[in-house]
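The values are calculated or read from the model by the stated rules, or taken from the named source; none is laboratory data. Note that the coordinates shown come from a computational prediction; the quantities given were computed from them, not determined experimentally. Every residue, glycine as well, gets a Cβ built from its backbone with ideal geometry; the counts of neighbours run over all protein chains shown. Areas reflect the complete protein model, heavy atoms only, side chains present, ligands, DNA and RNA absent. Shrake-Rupley method; radii C 1.70, N 1.55, O 1.52, S 1.80 Å.
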Amino acid sequence: MGEVMTAQGRSLPAEDTADLREIGFRSLDFSELALRVEDELGDELNFDAPGLRRIATVGDVLDFIEQLQSA
Amino acid sequence: MSEAPRSEAPSAVPPASVVLVSGGSRGLGLAIVTDLLAAGLKVAAFARTVTPELTALGEKYPDHLHYGSVDVNDSAAGQAFVRDVENALGPIDALVNNAAIGQDSLHVHTSAEHLAEIIQTNLTSPLILTRFVLRRMLAKGLKGRIVNITSICAQRGYPGLVAYSATKGGMDAATRSLARELGGRILANAVAPGFFASEMSAVLGQTQLDQIVRRTPTGHLTEPEDVLPVVRMLLLENTNLNGQVLVIDGAASI
Ligand SMILES: NC(=O)c1ccc[n+]([C@@H]2O[C@H](COP(=O)([O-])OP(=O)(O)OC[C@H]3O[C@@H](n4cnc5c(N)ncnc54)[C@H](OP(=O)(O)O)[C@@H]3O)[C@@H](O)[C@H]2O)c1
């Protein structure tokens, strides 16, 4: 997540509770993150949008990615 | 092969009398089936799962409704159902392509298999069913009507609906070419509703629904009841409407 933000000249806040809207992390940024994780895993992690809509904080992003990886 | 100019206008296409509705088990399809039965038409309906609502209609209209469990993607089963309908109700002279599956996933995160399934269900299978029903109609010398239920997504962009929108746009385009190809013997039109509450749109969050309502001049989402009179008109009235896509969305997209 830090890499995605750094690539855009921004930085990842330390707290998991940080609001994604406030730090400017949009759904396409989430897509980029998921695709980077896919690259590392060498496998596709497809998912529906409703799950995405529930993501509001940095912690939610990390949980969601973890969930996808273990699914 | 080009058509020779006609010296006299072809006679009008009569009102539909036996209508096949795909996906008639719930949502808009069920509402269309109910409405056409109430208007005195004979109706055939299928879906993968027959619902209690459809069964209840069958009990209420035993001579006018024929229904069954058919997957639109199983063309052999679809064709067998069409033959059963002909035996039970008489020749089909109208088809409402309503069955479809929705989508709620960003294009990059939609698996290739899911994408193919959406295209198969919403575009390829309806075209195959249309082809079969048309062959039966033409072989019997019938005139008839086709109504394709498409969507505002065919004309406006919505995130999470890339493949779905492509199929609906495909059906709109097919509607125009069908109207040309069928030379006025069969009227082909499409009805493109805006979002309405159903199992398909249940994936939309309340925020999105509120946003659609706010942007709609008539101030409300499209209801299946808004769509019914338009479908009925296309099936029954003489309007010279052919090859058109009628958008029913309260001007949300204008
Ligand atoms: N809801 C909206 O906001 C909206 C907006 C614009 C346009 N539309 C269009 O309106 C039409 C009806 O939508 P709806 O909202 O009423 O949807 P719905 O409540 O999900 O109903 C869809 C119907 O199609 C059937 N169906 C789906 N896949 C099928 C298959 N493989 N074989 C046979 N039947 C199948 C379903 O039954 P089974 O699942 O049991 O097969 C059901 O009867 C669709 O063409 C949709 O694209 C909907």
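Structure notes:
- Rolling a 1.4 Å probe across all protein chains gives B:LEU246 an accessible area of roughly 40 Å².
- Electrostatic dipole magnitude of chain A [Cβ: Lys, Arg +1; Asp, Glu -1; Cα centre; debye, to 20]: 320 debye
- Net charge over other residues, Cβ less than 11 angstrom from the Cβ of B:GLY250 (K, R count +1; D, E count -1): -2
- The calculated FRET efficiency for the pair B:GLN211 and B:ARG176, based on their C-beta separation and a Förster distance of 41 Å, comes to about 0.85.
- Furthest towards positive pole of dipole, B:LEU161, B:ALA173, B:LEU36, structure part chain B, Cβ charges: B:ALA173
- Heavy-atom accessible area, probed at 1.4 angstrom with all protein chains present, ranks B:ASP74, B:ASP249 as B:ASP74, B:ASP249, highest first.
- Residue-averaged [θ]222 nm for the protein assembly as shown, counting only DSSP H segments that reach four residues, each worth -39500 (n - 2.57): -13500 deg cm²/dmol
- Table column - 3J(HN,Hα) (Hz), the stretch A:62-71, Karplus curve with 6.51, -1.76, 1.60, x for Gly and Pro: 5, 4, 4, 5, 4, 4, 4, 5, 8, 6
- Computed accessible area, B:TYR61, all protein chains, 1.4 angstrom probe, square angstrom: 50 Å²
- Proximal charge balance of A:ALA7 [Cβ under 11 Å; K/R count +1, D/E count -1]: -1
- Residue among B:LEU142, B:LEU54, B:LEU95 with the largest mean-square fluctuation in a Gaussian network model of chain B, springs linking Cα atoms under 10 Å: B:LEU142
- Among B:HIS109, B:HIS64, B:HIS220, residue whose mean-square fluctuation peaks in a GNM of chain B (springs only between Cα atoms under 10 Å): B:HIS109
- Anchor B:LYS143: lysines whose Cα lies under 21 Å away (excluding residues fewer than 8 positions away in-chain): B:LYS42
- Simple Cβ-charge dipole of the protein assembly as shown, Lys/Arg +1 and Asp/Glu -1, about Cα centre, in debye nearest 20: 1900 debye
- Each of A:ASP19, B:ASP93, A:ASP43 has its accessible area taken with a 1.4 Å probe; listed largest first, they run A:ASP43, A:ASP19, B:ASP93.
- Relative to the dominant Cα principal axis of chain B, helix B:27-38 is inclined by about 30°.
- A 1.4 Å probe, protein heavy atoms only, puts the accessible area of B:ARG83 near 110 Å².
- Net charge, B:ALA163 excluded, C-beta distance under 14 Å - Lys, Arg +1, Asp, Glu -1: -3
- Cβ-Cβ FRET estimate between B:LYS60 and B:VAL230, R0 fixed at 25 Å, reported to 0.05: 0.55
- Point-to-point label distance, B:THR49-A:LEU45, nm (Cα→Cβ direction, 7 Å offset): 3.1 nm
- By definition, a body whose alpha carbon gyration tensor gives a ≥ b ≥ c is rounded when a/c is under 1.5, and the stretch B:18-248 falls into this rounded group.
- Gain on full extension, evaluated as 0.36 nm per residue between B:SER253 and B:ASN238 minus their Cα-Cα distance, stands at 2.6 nm.
- Spatial offset of the stretch B:168-197 relative to the stretch B:110-140 amounts to 14 Å, using the alpha carbon center of each.
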